[in-house]
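The values are calculated or read from the model by the stated rules, or taken from the named source; none is laboratory data. Because the structure is a prediction, the values reported are computed rather than measured. With ideal geometry, Cβ positions are generated from the backbone for all residues, glycine too; neighbour counts draw on all protein chains shown. Calculation scope for accessible area: heavy atoms of the full protein, side chains included, ligands and nucleic acids excluded. Shrake-Rupley method; radii C 1.70, N 1.55, O 1.52, S 1.80 Å.
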Amino acid sequence: MNIKSKVLEECESAKEAAQKLLLLSSEDKKFVLFELAQDIESNAAKILAANKKDVALSKHTVSPEMLRRLQVDRKKIREMAEMVRSVARLEGP
């Protein structure tokens, strides 16, 4: 499977998941979002390791500005988790 096919397959899976999420109650959506935030934090080491590989592979194919935006550290992981929690705290996420 080539990269384009893989990306398209992942996009289709995400679209299907989003449609299923629309059917959940607000409380269930909140639960899922809070769990996702926890998973982001719990998997910080895996995220950092994968990001390190991605950045290394991208070093010569993207601009330095883009590379800086792609780099993830523990602070960014905490911020990602907090952004997910902020959505979960909205009325009717």
Criterion violated by Lys59 - all others in (1) open to solvent by 80 Å² or more (accessible area, probe 1.4 Å); (2) touching a residue at least 12 places away in the same chain (Cβ under 8 Å) satisfied: (2)
Give me the residue from the stretch 65-93 that is among the basic types (Lys, Arg) and touching a Leu at 6+ places or on another chain (Cβ under 8 Å) and, out of that set, surrounded by the most Cβ atoms within 10 Å (Cβ to Cβ). Arg85
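Every residue, every condition in (1) part of a loop (DSSP other than H, G, I, E, B); (2) of a type outside the set (A, V, I, L, M), yes or no:
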residue: Cys11; (1), (2): no, yes
residue: Lys52; (1), (2): no, yes
residue: Val55; (1), (2): no, no
residue: Lys76; (1), (2): no, yes
residue: Leu90; (1), (2): yes, no
